[in-house]
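The values are calculated or read from the model by the stated rules, or taken from the named source; none is laboratory data. Note that the coordinates shown come from a computational prediction; the quantities given were computed from them, not determined experimentally. Here the Cβ positions follow ideal geometry from the backbone for every residue, glycine too, while neighbour counts run over all protein chains shown. Each accessible area value is taken on the protein alone, full model and side chains, heavy atoms only, with ligands, DNA and RNA left out. Shrake-Rupley method; radii C 1.70, N 1.55, O 1.52, S 1.80 Å.
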Amino acid sequence: MSRYVAAIDQGTSSSRCLLFDRDGAVAGAAQREHAQLHPHAGWVEHDPLEIVANVRAMIDEAVAAAGASAADVAAVGITNQRETTVLWERASGAPVANAIVWQDTRTAQLVEQLAGGDLDRLRAVTGLPLSTYFSGPKARWLLDAQPELRERAEAGELCFGTIDSWLLWQLTGGAVHVTDVTNASRTLLMDLRTLDWSDEALELVGIPRALLPEIRSSSEVYGELRAGTALDGIPLAGILGDQQAALFGQACFEPGDAKNTYGTGCFLLVNTGDEPVASRELLTTVAYRLGAGAPQYALEGSIAVAGAGVRWLRDQLGFISSADEVEALAASVPDTGDVYVVPAFSGLFAPRWRSDARGAIVGITAYTTKAHIARAMLEATAWQTREVLDAVRGAAGIACHELKVDGGMTVDELLMQLQADVLGVPTIRPHVTETTALGAAYAAGLATGVWSSPADVRANWREARRWEPQLDPDDVERRYARWREAVERSLAWAS
């Protein structure tokens with residue numbers, strides 16, 4: 001019997017492969033970074049061939065690190081940076097251009113044109129506003145940039161994919177052109193209810209259906225590896241976009257279950273059950289679908305600045321020399337001295353979506369020290385998370401009773417305590433913090449019988465540390481009102 005399930009975690013800055021045992025523990029891992037390409041202001045690209053080469057190498061290195069062989073691995077899952085877009089030739093498998101990364105903003109003028117003054121014109125179908133963030137406009141831009149590509153796309157000579165589709169095609173030797181519901185739900189092209197490509201969206205965005213992959217579930221056998229790696233012949237059996245993978249890896253299977261991933265920014269997802277919930281403040285997305293089962297949905301709130309704020313304190317202000325020093329500096333004062341930092345460096349994301357906002361530090365007096373500002377920066381992450389959860393409650397009527405957390409900033413115990421205090425519910429860090437890769441492994445293992453049901457996944461999940469609320473709720477509400485006042489002062493600053 002196979003001992004492991006492998007997960008390919010293809011992220012914005014690096015590719016990794018991890019092998020997990022049946023208890024969800026990491027048995028072997030490897031990682032390699034890839035280049036970030038910026039040919040023009042606002043453009044962000046990746047070399048798709050570099051990503052594939054790195055993934056192939058990471059598979060072999062992770063298998064070797066675990067002291068394993070193909071016979072020890074039951075299945076492979078993929079989790080990936082969402083929205084990043086690749087077009088390639090169906091016959092040769094060669095990309096026609098570099099991948100356009102989710103952060104890229106070159107489609108801003110196109111999005112305005114498509115919106116015609118109404119950014120929400122596809123929201124009822126796709127759950128998303130028209131935005132440079134999503135994949136559909138990126139694919140349209142590529143077709144417009146090289147006019148001959150549109151003719152080839154309509155003739156079925158080209159393939160579109162997010163990174164999951166690109167990797168599946170390459171790792172199966174061109175045998176499989178599919179995506180899963182979580183990644184498809186981030187293209188601005190999929191109908192959330194039918195889980196098929198929307199004719200309305202395809203017509204508006206200008207994408208030929210012949211270009212698109214087949215939409216499948218998040219947990220089923222798609223094909224076998226045929227890429228000259230140590231795992232050739234092993235089934236590829238799970239796909240989840242990175243934030244949905246973290247939700248799955250955190251065993252958030254019931255309505256109201258919530259996770260927050262703390263990195264450069266924050267991505268908070270709340271399971272809303274088997275019906276999509278509409279919201280003008282949050283993104284409605286597919287959480288996962290297991291085989292032929294009913295899809296599960298989520299509301300997502302993205303926060304632009306979390307860890308990036310700590311880096312700003314380090315790199316721009318020189319308050320600290322390394323990011324891990326911020327906790328001690330912030331803990332050296334008992335509170336912020338009524339100082340609030342609004343880190344709207346390039347606008348505010350959920351739930352306000354104000355591109356005209358700019359950063360503000362409010363309440364400075366002669367008493368204020370760098371410790372107060374550092375603590376206020378940490379509190380800003382907690383307050384923004386509170387705003388997102390309040391928006392979830394308003395849209396779905398769901399009250400979250402605890403928040404599961406993952407990501408690099410969860411090592412900051414002061415921040416985790418502040419988060420529990422601000423939300424008034426426990427903040428919980430799991431024993432296995434590789435939740436994104438673990439979610440992809442679980443999806444693949446469920447499709448191949450390694451685990452029999454989500455109940456097995458839930459049984460594997462173990463709590464490592466819990467922070468309970470400690471502050472007086474009335475004091476929290478007073479300070480929350482002050483935070484909102486500070487945010488109001490940051491709005492309409494950029495013209």
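Selection of segment 1-42 for residues being among the acidic types (D, E) and assigned to a strand (DSSP E or B) yields D9, E33.
With V125, V176, V205, V111 as the choices, which residue is under 18 Å from L283 (Cα atoms), of a type outside the set (S, T, Y) and either in contact with a Cys (Cβ under 6 Å, 6 or more places away or on another chain) or modelled with pLDDT of 95 or more (or both)? Exactly one of V125, V176, V205, V111 is under 18 Å from L283 (Cα atoms), of a type outside the set (S, T, Y) and either in contact with a Cys (Cβ under 6 Å, 6 or more places away or on another chain) or modelled with pLDDT of 95 or more (or both), namely V125.
Cβ-Cβ contacts under 7 Å between residues 6 or more apart (or on different chains), taken from a first residue in segment 454-483 that is surrounded by fewer than 11 Cβ atoms within 10 Å (Cβ to Cβ) to a second residue that is acidic (D, E), are listed as Q470/D421. Is there a residue being under 23 Å from V221 (Cα atoms) and either out of contact with any Ser or Thr (no Cβ under 9 Å at 6 or more places or on another chain) or aliphatic (A, V, I, L, M) (or both) anywhere in segment 275-287? Within segment 275-287, one or more residues are under 23 Å from V221 (Cα atoms) and either out of contact with any Ser or Thr (no Cβ under 9 Å at 6 or more places or on another chain) or aliphatic (A, V, I, L, M) (or both).
Evaluated against (1) open to solvent by less than 10 Å² (accessible area, probe 1.4 Å); (2) out of contact with any Cys (no Cβ under 7 Å at 6 or more places or on another chain); (3) aliphatic (A, V, I, L, M), L119 falls short on exactly one condition, (1). Just one of the listed residues (R386, R429) is part of a helix (DSSP H, G or I) and basic (K, R), namely R386. For residues in segment 243-269 being part of a strand (DSSP E or B) and closer than 12 Å to L389 by Cα, which is most open to solvent (accessible area, probe 1.4 Å)? Among them, the one singled out is F267.
Annotation: L143 fulfils all but one of (1) touching a strand residue (DSSP E or B) at 6+ places or on another chain (Cβ under 9 Å); (2) part of a helix (DSSP H, G or I); (3) within 21 Å of L283 (Cα to Cα); the unmet one is (3). Among the residues of segment 208-237, the ones that are more than 30 Å from W141 (Cβ to Cβ) and not in a loop (DSSP other than H, G, I, E, B) come to 6 in all. Once segment 273-290 is narrowed to residues that are at pLDDT 95 or above and open to solvent by 10 Å² or more (accessible area, probe 1.4 Å), the residue that is nearest to P343 (Cα to Cα) is Y288.
Being in contact (Cβ under 8 Å) with a residue 24 or more places away in the chain, more than 25 Å from E413 (Cα to Cα), open to solvent by 60 Å² or more (accessible area, probe 1.4 Å) and in contact with a Ser or Thr (Cβ under 8 Å, 6 or more places away or on another chain) is a property that R352 lacks.
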